[in-house]
Amino acid sequence: RHERGAALLTVLLLVAVMATVSATALDRLTLATRLTGNAAVVGQARWWLVMAEQLAAVRLEDMLARSPNRVTAAGNWLDTPRRVALPDGGQVTARVSDAANCFNLNSLVSRNPEDGELYPRPAALTQFRTLLTTVGVEASNASRIASSATDWIDTDDVPLPDGAEDSVYADRGRLPPNRTMAHESELNAVAGMTPQIATLIRPWICVLPDHGITALNVNTLRPDQAPLIAMLAPEQIGVEQARSAIAQRPSGGFASAEDFWKSPAFQRTILPQGTRDQVTVSSNWFRLHASAANAGVSVAQTALLGVQDGKVRVLRREWDKAE
């Protein structure tokens with residue numbers, strides 16, 4: 001009889017332990033169920049985004065088939081959000097932009113067709129430095145970033161004036177890869193870059209999978225993108241001058257690059273042919289911004305689309321985390 005209290009305490013302790021274990025197991029089971037459900041929703045959302053890619057590719061191919069030598073903003077396709085209701089109750093939102101209306105960082109170098117080596121392109125370096133200063137980067141920082149970005153890509157290990165090669169990065173745990181950039185974020189690692197500058201110049205730069213000199217489609221450029229035209233010849237083209245020429249674009253777009261240079265804004269401007277050739281009226285690169293939302297989960301994606309032989313192909317995808 002004198003041990004009845006101890007037995008009761010033992011039973012109560014066992015009940016408490018079992019209740020704790022059961023509650024923990026149920027909590028873990030609930031969490032696992034939710035994770036599985038979210039994974040299924042995210043997986044389905046990504047397939048919906050693949051559908052958005054296919055729809056965008058078909059529309060772009062149709063547009064290019066109708067006008068292979070001229071791409072304009074006609075048809076309200078450029079940067080216009082499109083929404084598609086999904087059978088599962090969700091929604092896909094997508095818009096297409098011209099991916100070439102930016103400074104291609106890989107154009108800072110040219111590839112030697114004989115040995116495949118990457119060599120600095122002085123004209124592109126000057127244009128990049130001009131673009132940086134035009135959008136608000138201090139001149140010394142702009143020179144440092146432009147030269148360092150070129151050294152980051154070119155094959156040799158000899159730094160350019162204001163540039164940076166291995167010795168500068170040795171204490172940072174990384175070295176210049178001396179290869180084609182794969183993403184714009186690589187620029188954040190070059191000497192002279194800061195988070196503030198990265199945010200400032202992000203809308204003006206891009207990475208395309210070639211080393212061709214930057215070619216701007218004046219039929220899809222917006223007036224606020226005038227600094228891209230001004231960078232081509234900083235001593236001869238002003239930002240306001242370029243903005244005026246873009247704003248005076250005919251409703252059907254310019255028929256040729258020469259028509260753009262014949263705009264009243266450039267009547268007294270004499271430009272070398274190399275500069276004039278950096279303007280075009282067609283596009284081979286597009287960017288698809290898409291998101292899919294359902295059941296409280298959203299997935300965002302940016303895809304780089306390239307045109308080859310009239311066919312649109314997905315060259316790169318960037319996934320944003322689900323919310």
Odd one out for VAL58 among (1) within 20 Å of ALA300 (Cβ to Cβ); (2) open to solvent by 60 Å² or more (accessible area, probe 1.4 Å): (1)
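What's the total number of residues in the range 257-274 that are under 27 Å from the mean Cα position of the chain (by Cα) and within 13 Å of VAL218 (Cβ to Cβ)?
Adding up the residues that qualify gives 2.
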Given (1) more than 30 Å from GLU117 (Cβ to Cβ); (2) within 20 Å of the chain's Cα centre (by Cα); (3) at pLDDT 95 or above; (4) among the small types (Gly, Ala, Ser), number of the condition GLY306 does not satisfy: (1)
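Among the listed residues ILE201, ILE213, ILE246, which satisfies the condition of being more than 17 Å from the chain's Cα centre (by Cα) and open to solvent by less than 40 Å² (accessible area, probe 1.4 Å)?
ILE246
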Filter pass, LEU288 being among the aliphatic types (A, V, I, L, M) and at pLDDT 95 or above: yes
Members of the range 218-239 found to be open to solvent by 10 Å² or more (accessible area, probe 1.4 Å) and in contact with an Asp or Glu (Cβ under 9 Å, 6 or more places away or on another chain), listed by number: ARG222
Residues (open to solvent by 20 Å² or more (accessible area, probe 1.4 Å) and either of a type in the set (Lys, Arg) or over 19 Å from THR80 (Cα atoms) (or both)) located in the range 285-308: ARG287, ASN294, ALA295, GLY296, SER298, VAL307, GLN308
Any hit, the range 243-266, residues being assigned to a helix (DSSP H, G or I) and touching a residue at least 60 places away in the same chain (Cβ under 8 Å): no
Test for THR275: is it under 22 Å from ALA303 (Cα atoms) and either touching a residue at least 12 places away in the same chain (Cβ under 8 Å) or hydroxyl-bearing (Ser, Thr, Tyr) (or both): no
The lone exception for ARG70 - which of (1) surrounded by 19 or more Cβ atoms within 10 Å (Cβ to Cβ); (2) part of a helix (DSSP H, G or I); (3) touching a residue at least 24 places away in the same chain (Cβ under 8 Å) it fails: (2)
Members of the range 209-227 that are hydrophobic (A, V, I, L, M, F, W, C) and in contact with a Ser or Thr (Cβ under 8 Å, 6 or more places away or on another chain): ILE213, ALA215, LEU216, VAL218
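The values are calculated or read from the model by the stated rules, or taken from the named source; none is laboratory data. No experiment lies behind these values; they were computed from the predicted model shown. Cβ sites come from the backbone with ideal geometry, for glycine too, and all protein chains shown count toward neighbours. With ligands, DNA and RNA removed, areas are computed over all heavy atoms of the protein, side chains included. Shrake-Rupley method; radii C 1.70, N 1.55, O 1.52, S 1.80 Å.
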